[in-house]
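The values are calculated or read from the model by the stated rules, or taken from the named source; none is laboratory data. Note that this is a predicted model, so its numbers are computed, not measured. Neighbour counts are summed over all protein chains in view; Cβ atoms, including those assigned to glycine, are modelled from backbone coordinates with ideal geometry. The area values use the complete protein model at the heavy-atom level, side chains included, leaving out ligands, DNA and RNA. Shrake-Rupley method; radii C 1.70, N 1.55, O 1.52, S 1.80 Å.
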Amino acid sequence: MTLPVVALVGRPNVGKSTIFNRIINQRLSIVEDTPGVTRDRIYAHGEWLGKEFSLIDTGGITLNDQNLNQEITSQAEIAIDEADVVLMVTDARVGVTNEDEVVAKILFRSHKPVILAVNKADNLQQRQDIYDFYALGLGEPYAVSGVHGTGMGDLLDALINQLPLAGNEPADDTIKFSFIGRPNVGKSSLVNAILGEKRVIVSAAEGTTRDAIDTKFINQADQTAYTMIDTAGIRKRGKVYENTEKYSVMRAMRSIDRSDVVVMVLDGAQGIREQDKRVAGLAHEAGRGVIIAVNKWDAVAHKNQKTMQEFRDYIRDEFRYLNYAPIVFVSALQHQRLDQIMELVQQVTVNQNRRIQSSLLNELLLKATAVAPAPIVKNKRLRLYYLTQVATAPPTFVAFVNDPDLFHFSYERFLINQLRTTFEFTGTPIKIIARKRK
């Protein structure tokens, strides 16, 4: 299911990151009393009264070589492109500024639903002084304090009332996959090369992501129906956006949300960059199937018989959390090993949806605890009574134990490795939830 998107906009230092963290109930963005300090995550999933949504803090998107008004304008345009609802944040202590008016005019012309938050209204007097913000023409201002949490309930009530209704997407039993990665690693070239190789394109229609094109096709090799999710169309609004790492990461998030399997594309000629790890981490956290494709392998100089294995070891060392992801070395330019990508997409999809009988799981549990007994923590030994699968995509298991606090992550990792050794889970993350036996 594609979640509706809420984007936070506003001039620097109005507290967007504080409100972002308050809504998702975590400290994911760095918060300091310095303008433009957001440098960490700008995307997360939020929930209020049972309604889920994706949240984007555009303050984290910095566009170089622009003055303040141009910067704010560009961020507002990104919000308009990406969001179903825009949450504009202002500052009760400062009042209405020229920058606020610039943003409000852009949002007003967009015809997108806009909720106006007047942040830093920390006392009664400040909450009573918010009526000047009606002048922005965006409707009722909501006085809130991101630091103390006051007023957030009313703000979120107004927010979810503007979200589009979920569940209206048509049923789709095709395998949905996408290519993610930093700019210029060859994602678009791979899309074009795969579609050009013995595929029967059924349709190319607008996707539920704004400006995206979803291409449905049948792979003649296995007669399987696929949907390739391509968000490249978003680039057309302004190439200046492509200069910011945060914007490309944000687009990757939208692709991941709608995919069953994601193909993480690396540039074999340039090696691994920090942004590669950040983008790949999105897919892992989302529980999607993951394939690592090393593109431009034809451009790697001085290859020998050991080069591929050395690069494989390099990937495993840099992406330790993706040790389950298969690796394929390809060239979009030379059309090398492209069929391997499609074979892996199908295989990983099967593994993502694999179900294991409880009897087999508990045989594995008995053998695993015999080989490596559960640890003793604070003079108390963890006892595992039962293991059962409760979900797929990703495969999720519940371990019934005497005390969930004793279920250390190292023993969880041991059990996950036992599951991978016994059953075929290549390409998919595995989750184990510890639950106290009643």
> Which one of Asn362, Thr307, Phe319 is farthest out on the positive end of the charge dipole of the range 302-438, using unit charges on Cβ (Lys, Arg +1; Asp, Glu -1) and the Cα centre as origin?
Replying inline: Asn362
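From largest accessible area down, sort Phe409, Phe397; use a 1.4 Å probe on the protein chains. The partial results should precede the final answer.
On the way: Phe409 125, Phe397 0 Å².
Descending order: Phe409, Phe397.
Counting only protein chains, not ligands or nucleic acids, how are Tyr226, Tyr314 ordered by accessible area (probe 1.4 Å), most first? If you can, show how the numbers build up before the last one.
Working: Tyr226 0, Tyr314 80 Å².
I get Tyr314, Tyr226, largest accessible area first.
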> Which pairs in the list Lys16/Lys112; Lys112/Lys431; Lys105/Lys216; Lys120/Lys431; Lys367/Lys436 are over 30 Å apart, alpha-carbon to alpha-carbon?
Replying inline: Lys112/Lys431; Lys105/Lys216; Lys120/Lys431
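Students often check this: by mean Cβ neighbours within 10 Å, which of 81-91, 298-308, 336-346, 269-279 ranks highest, and how do the rest follow?
Peptide ranking by packing, descending: 81-91, 336-346, 269-279, 298-308.
Could the peptides 354-362, 133-141 be put in order, highest first, of the mean number of other beta-carbon atoms found within 10 Å of their residues? Each step should come with its number before you reach the end.
Working: 354-362: 13.3, 133-141: 16.8.
Listed from highest to lowest mean packing, they are 133-141, 354-362.
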> In sequence order, what are the phi-derived ³J(HN,Hα) couplings for the range 410-423 according to the Karplus relation 6.51 cos²θ - 1.76 cosθ + 1.60 with θ = phi - 60°, rounded to whole Hz, with x for glycine and proline?
Replying inline: 5, 6, 4, 4, 4, 5, 4, 5, 5, 4, 5, 5, 8, 10
> Which distance in nm do the two modelled labels at Asp173 and Ser188 give, with both placed 7 Å along the Cα-to-Cβ direction?
Replying inline: 3.6 nm
> Between Ser331, Gln352, Ile376, whose Cα lies farthest towards the positive end of the dipole of the range 293-390 when Lys and Arg beta carbons carry +1 and Asp and Glu beta carbons carry -1, centred on the Cα centre?
Replying inline: Ile376
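What do you reckon, how do Thr58, Thr97 stack up by accessible area (1.4 Å probe), largest on top? Provide the component values of the computation, followed by the final result.
On the way: Thr58 0, Thr97 25 Å².
Accessible-area ranking of Thr58, Thr97, largest first: Thr97, Thr58.
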>> Given a 1.4 angstrom probe, what's the average accessible area per residue across the range 374-416, in square angstrom?
In response: 52 Å²
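Enter the accessible area per residue of the range 66-151 (Å², integer; probe 1.4 Å; all protein chains in place). Display every interim value, and only then the final one.
Numbers: 3820 Å² over 86 residues.
Spelled out: the 1.4 Å probe surface of the range 66-151, per residue, equals 44 Å².
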>> Just to be sure I understand the model, the point goes 7 Å from the Cα along the line to the Cβ. What's the resulting Lys303 to Val147 distance in nm?
In response: 5.8 nm
>> Over the Cα atoms of the range 282-424, what radius of gyration and what Dmax do you get, in Å?
In response: 19.0, 61
> Any idea of Ile19's accessible area? Nearest 10 Å², probe 1.4 Å.
Replying inline: 0 Å²
> Counting only residues 5 or more places away or on other chains, whose amide H sits under 5 Å from the amide H of Ala143 once H atoms are built in the peptide plane?
Replying inline: Val118
>> Keeping every protein chain present and rolling a 1.4 Å probe, give me the accessible area per residue for the range 326-373 in Å².
In response: 52 Å²
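Given the Cα-Cα distance of Thr224 and Ile376 and 0.36 nm per residue of separation, how much length would full extension add, in nm? Mind showing how you got there, number by number?
Working: separation 152, 0.36 × 152 = 54.72 nm, distance 4.91 nm.
Between Thr224 and Ile376, full extension yields 49.8 nm more.
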